[in-house]
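First up is the structure itself, then whatever we jot down about it.
The values are calculated or read from the model by the stated rules, or taken from the named source; none is laboratory data. Model, not experiment: these values are computed from the prediction. Cβ coordinates were reconstructed from backbone atoms using ideal geometry, including for glycine residues, and neighbour counts include every protein chain displayed. Remember, those area values only see protein heavy atoms, side chains included, never the ligands or the DNA or RNA. Shrake-Rupley method; radii C 1.70, N 1.55, O 1.52, S 1.80 Å.
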Amino acid sequence: MMNNWKVLWNGIIKQNPAFVLVLGMCPTLGTTTSAENGFGMGVATLAVLVLSNVVISLIKQWIPDKVRIPAFIVVIASFVTVIELLMQAYVPSLYKALGVFIPLIVVNCIILGRAEAFASKNNVWRSLLDGLGMGVGFTWALTLVGAVREVLGNGAIFGYELGIKSYMPLVFVMAPGGFFVLGYLMILFNRLSRK
Amino acid sequence: MKSTLKNMVTVLLSITLLASLGVGAVNWLTLEPIARVQANAEREALARVVPASGGFASKGASDNGYGGRVELIVGFHPDTTIYHIEVLTQTETPGLGTVMTEEENLLLRSFRRRNPGEMKLSVRKDGGDVDALTGATVSSRAYIEAVGDAYNRLSKMEGSEEQVEQDIEVHSGATKTHNDE
């Protein structure tokens, strides 16, 4: 049995959703055209992940095995819709930047994956820590991928121009560049974390 | 928990019922703030696109964006040259097509102080007068189409009404503003 501290750190490094579990590749590739977009998507996912983990862990003993997946999806989809509405009403600028990707959180494998693999077998406190760890792990991974793509493709970081834009190949901001950057970062991450 | 028809139906029914109640409540609570945010955004855009010395504004749209509909508001000088353009709604690819919402982007610079009626309204690749955004030709075409739409609506209004007395007139979806400050 892992202690609570390990549950939290698990998602951040050892089982990082993007670099190690390779879950949630659609948002990882689609939203990381800049560091800011990657960060925003990561935080939105983190919020849904923590909420859904907590609720699923609370209601797990009443859910019959055969209908657990539809039950989880309903919980997750409701939280995503609620967060989308709240963002639209109270942080319109962030919603403007990420609007298209928010509904996609429903089909993010990490959320259902953690509900199935962790929250449905653990208590509320540990599920909360797992959601937090996985969410933070996903957020820093997406921010890093976004930052690398922004620097290589647009010569900027967090929207701050470095004055080298004209020398940079735009392909890194487009989809093929996303695959390149993610692939090399995975190699680097797995190399470094093996030690 | 072991599954029986009875507990499966009961559990799924109660979960969906609770979930829809929750989502419905939040939807009801955010209805007004969301409408306010959208109205504000439009009003602010309108104030920014019309020249301080007076002019017109007209809305235009295109459904041919990379991610769907592109809506913008175009501000004109009294001689119908373009003063400023603001994008109201778009769902283009982040980092590529979304550049159209940024200040001083290539599209906006191509249009500034020019009369759309005297331009070839297409991207350079298609033989037109407008510089497309890098890597976002489809989004650029939609933007140009929407500007053309705004211009057409403005010219239609010009033809049908000789004078503009009120501050804001709404006519077939286009807004005409007379700004005296």
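For the reader, a short list of remarks on this structure follows.
- Test set (1) among the hydroxyl-bearing types (S, T, Y); (2) open to solvent by less than 10 Å² (accessible area, probe 1.4 Å); (3) within 11 Å of another protein chain (Cβ to nearest Cβ) - A:S34 fails condition number: (2)
- Selected residue (criterion: modelled with the highest pLDDT) from residues of region B:95-109 that are in a loop (DSSP other than H, G, I, E, B) and over 24 Å from A:G30 (Cβ atoms): B:E104
- A:L8 vs. criteria away from chain B (no Cβ under 11 Å) and assigned to a helix (DSSP H, G or I): yes
- For region A:112-141, a residue qualifies if it is open to solvent by 40 Å² or more (accessible area, probe 1.4 Å) and either away from every other protein chain (no Cβ under 14 Å) or within 14 Å of the chain's Cα centre (by Cα) (or both), and the qualifying residues are A:L112, A:E116, A:A117, A:N123, A:V124, A:W125, A:L128, A:L132, A:V136, A:W140.
- Each residue in region B:1-21 was checked for being within 8 Å of chain A (Cβ to nearest Cβ) and open to solvent by 100 Å² or more (accessible area, probe 1.4 Å), and 1 of them qualify.
- Verdict on B:G24 being more than 9 Å from chain A (Cβ to nearest Cβ), at pLDDT 95 or above and open to solvent by less than 60 Å² (accessible area, probe 1.4 Å): yes
- Only helices (runs of 4 or more DSSP H) whose full extent lies in region A:62-132 are considered here, and the ones with at least 1 residues that are farther than 19 Å from B:I34 by Cβ are A:68-90, A:109-114.
- Complete set of residues in region B:79-109 that are within 14 Å of chain A (Cβ to nearest Cβ), open to solvent by 60 Å² or more (accessible area, probe 1.4 Å) and either of a type in the set (K, R) or more than 23 Å from B:G54 (Cβ to Cβ) (or both): B:T89, B:T101, B:E102, B:E104, B:L106
- Listed by first and then second residue, the pairs linking a residue in region A:169-195 that is within 16 Å of A:I12 (Cβ to Cβ) to a residue that is open to solvent by 30 Å² or more (accessible area, probe 1.4 Å) and part of a helix (DSSP H, G or I), with Cβ atoms under 7 Å apart and 6 or more places separating them unless they lie on different chains, are A:L185/A:L144; A:L185/A:V148; A:S193/A:I13.
- For region B:27-45, filtered to residues that are out of contact with any strand residue (DSSP E or B) (no Cβ under 6 Å at 6 or more places or on another chain) and among the small types (G, A, S), the residue that is surrounded by the most Cβ atoms within 10 Å (Cβ to Cβ) is B:A41.
Residue-wise test of (1) under 24 Å from A:Y167 (Cβ atoms); (2) of a type in the set (S, T, N, Q).
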| residue | (1), (2) |
| --- | --- |
| B:G55 | no, no |
| B:S62 | no, yes |
| B:R69 | no, no |
| B:G75 | no, no |
| B:Y83 | no, no |
| B:E86 | no, no |
| B:T93 | yes, yes |
| B:V99 | yes, no |
| B:D126 | no, no |
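- A single member of A:L58, A:L51, A:L21 is out of contact with any His (no Cβ under 6 Å at 6 or more places or on another chain) and modelled with pLDDT under 90, and it is A:L21.
- Residues of region A:93-111 classified as over 17 Å from A:V20 (Cα atoms) and open to solvent by 20 Å² or more (accessible area, probe 1.4 Å), total: 11
- Within region A:167-178, not a single residue is more than 17 Å from B:T134 (Cβ to Cβ), surrounded by 19 or more Cβ atoms within 10 Å (Cβ to Cβ) and at pLDDT 90 or above.
- Selection within region B:121-151: residues that are out of contact with any helix residue (DSSP H, G or I) (no Cβ under 9 Å at 6 or more places or on another chain) and under 18 Å from B:G60 (Cβ atoms). The member of this set that is surrounded by the fewest Cβ atoms within 10 Å (Cβ to Cβ) is B:E145.
- Scanning region A:90-145 for residues that are under 27 Å from A:S34 (Cβ atoms) and among the β-branched types (V, I, T) gives A:V91, A:V100, A:I102, A:I105, A:V106, A:V107, A:I110, A:I111, A:V136, A:T139, A:T143, A:V145.
- Filtered residues of region B:46-68 (kept if part of a helix (DSSP H, G or I) and surrounded by 20 or more Cβ atoms within 10 Å (Cβ to Cβ)): B:V49
- Just one of the listed residues (B:E71, B:E92) is in contact with a Gly (Cβ under 8 Å, 6 or more places away or on another chain), acidic (D, E), in a loop (DSSP other than H, G, I, E, B) and touching a residue at least 24 places away in the same chain (Cβ under 8 Å), namely B:E92.
- Test: A:A175 is small (G, A, S) and over 16 Å from the mean Cα position of the chain (by Cα): yes
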